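Scroll down for the structure; my scribbles are underneath it.
The values are calculated or read from the model by the stated rules, or taken from the named source; none is laboratory data. What you see is a predicted model; the values in this text were computed from it and never measured. Neighbour counts are summed over all protein chains in view; Cβ atoms, including those assigned to glycine, are modelled from backbone coordinates with ideal geometry. Ligands, DNA and RNA are stripped out before the accessible areas are found, and what is left, the full protein with its side chains, is counted by its heavy atoms. Shrake-Rupley method; radii C 1.70, N 1.55, O 1.52, S 1.80 Å.
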Amino acid sequence: MTERRPPPVTELGMASLALIVAGGIYLSSHIPNHVPLTPAVVLLAASVALLITNLVLLARVGEFDWPRFFQVGKWSLLAYTVIGGMIEYVFLRNHLKGGPLVVLTLSVAVFSVHVPILVGFTVARFYNPEESAAGSAIG
Amino acid sequence: MVDVAITEPAGAREAAPEHAPVQIPEFDIVPRVGLVLAGIVIAGVIVAIAANSRWPLDFFHVAGGAAWTIIDLFLGFVLGPIMGSMTVPARIEFITKLMPKMLVIMPTVVTATLAAGWQLATKLGANLTSYPHHSWVVASFIVVGVMSVIALGLLEPANIAVLVELKKRRPNPAVIERLMKRFIYAAGILGAMQIATLVIMTKIASS
């Protein structure tokens, strides 16, 4: 195993997910009252900032199994897009609109992108150059 | 089959010679039959939400929630310790049979439970601030939120990573051990949090 010190992608990813979950709880716990969107927007913005930070950190990793990252990441993205679509469908089914719909839709988008990044990173971080050179049994 | 040299735990050394190659059975990381079944369940949930009818929403929320709770508790407190005490070959075989199924079952069960639950709460008015036990409902949001972050950030990636590692020509035993530890500890935490879910849901249902 070639175990370098990986960037804290998992930790940042979990923090990012926690922020959008907090924003979602804030909004959903006040239904049907009108609540200021600012706290939810701030939480979403912080979550997006962590997502961008993670992407930058990942881009700067030197030796990394990118083919495996994308191989796993794309299928995870498909799966979490379906799950995100389900969540979005429930929002629309219940006539959610305006600011809350925008904030929650963007939160779902962050969720649907960040989870596949976490999955791809966890798989690819255990990069083994020998294994990579020899190929593997994975299609 | 793939052969891999793997370090035996102390208690297993009598059973197999040290550094004996362990055979890894053939397996699919994502079982295709499971995907079809998951698709059927998700389609059922979509129909239930579209119909906005009490019984199907109750069915998917209660059946999905029961499955989610029991699987987490059983995995965290029963299967986890058992797996820890297994010999390495037995553990590898068990992992290759269990983990692909978990990969399909858990996201499906969680999505069905939460989507049907939210729609049910909307239909019954249980997610409104005027609901008498609104604080319990918000508590359930928080518990589910924490569980989601742990499941999505730790458990699910470890589940997939261990299967990908086992598919390599020369899987690294240390990586598998590390990922399985992460998976079992995360499952244990989720199992403990499911007790909180049980308390909240029975309180809401009985009021």
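Taken along its three principal axes, the alpha carbon spread of the protein assembly as shown comes to 66, 44, 32 Å, from the longest extent down to the shortest.
Computed from Cα atoms, the angle from the helix B:88-124 axis to the main principal axis of chain B rounds to 10 degrees.
The angle separating the long axis of helix A:9-28 from the principal Cα axis of greatest extent in chain A is about 10 degrees. In the context of the full protein assembly, A:TRP66 retains an accessible surface of approximately 70 Å², using a probe radius of 1.4 Å and ignoring ligands and nucleic acids. With a 10 Å cut-off around each Cβ of B:118-129, the average count of Cβ atoms from other chains is 3. Remark: region A:87-100, residue by residue, has Karplus-estimated 3J(HN,Hα) of 4, 4, 4, 5, 4, 5, 4, 9, 6, 5, 8, x, x, x Hz, where x stands for each Gly or Pro and the curve is 6.51 cos²θ - 1.76 cosθ + 1.60 at θ = phi - 60°. Measuring only protein heavy atoms, the 1.4 Å probe finds A:THR38 accessible over about 90 Å². Comparing A:PRO32, A:PRO100, A:PRO116 in a Gaussian network model of chain A, where Cα atoms under 10 Å apart are tied by springs, the biggest mean-square fluctuation is seen for A:PRO32. Look at the dipole of the protein assembly as shown built from charges on Cβ: of B:MET147, B:LEU124, B:ALA205, the Cα furthest out on the positive end belongs to B:LEU124. Largest GNM mean-square fluctuation among A:ALA59, A:ALA18, A:ALA124, using chain A with Cα springs under 10 Å: A:ALA59.
When only alpha carbons are used to place a centre, region A:32-88 and region B:134-207 end up 19 Å from one another.
On a per residue basis, region B:74-118 carries 38 Å² of accessible surface, using protein heavy atoms and a 1.4 Å probe.
Neighbouring Cβ atoms from other chains, within 10 Å of the Cβ of residues in A:113-122, number 4 on average. Under the simplified labelling scheme, the B:LEU198-B:ASP58 pair shows an inter-label distance of 2.3 nm, with each label point 7 Å from Cα along Cα→Cβ. Multiplying the residue separation of B:LEU35 and B:ARG169 by 0.36 nm and removing their Cα-Cα distance gives an extension gain of 45.7 nm. Looking at chain A, which longest stretch skips every one of the trypsin sites (Lys or Arg not before Pro) that is in a DSSP loop with at most 13 other Cβ atoms within 10 Å, leaving the sites themselves out? No qualifying site falls inside A:5-59, the longest such stretch. Here region B:21-89 is described by how far its Cα atoms reach on the three principal axes: 55, 28, 9 Å, from widest to narrowest. Largest GNM mean-square fluctuation among A:VAL21, A:VAL42, A:VAL115, using chain A with Cα springs under 10 Å: A:VAL42. Note on A:LEU57 and A:LEU78: the model spin-label points, each 7 Å out from Cα along the C-beta direction, lie 2.9 nm apart.
For chain A, what does the helix formula give at 222 nm: sum of -39500 (n - 2.57) over DSSP H segments with n ≥ 4, over the residue count, nearest 500 deg cm²/dmol? Let's see the in-between values first.
Values: 5 runs with 103 residues, N = 139.
One gets -25500 deg cm²/dmol as the mean residue ellipticity at 222 nm.
Using r as the Cβ-Cβ distance of B:LEU79 and A:PHE91, and R0 as 35 Å, what FRET efficiency do you calculate, to the nearest 0.05? Mind showing how you got there, number by number?
On the way: r = 36 Å, r/R0 = 1.02.
Efficiency computed from Cβ-Cβ geometry: 0.45.
Oblate is the label for region B:28-155, because the ratio a/c of its alpha-carbon gyration tensor axes (a ≥ b ≥ c) is 1.5 or higher and a/b is not greater than b/c.
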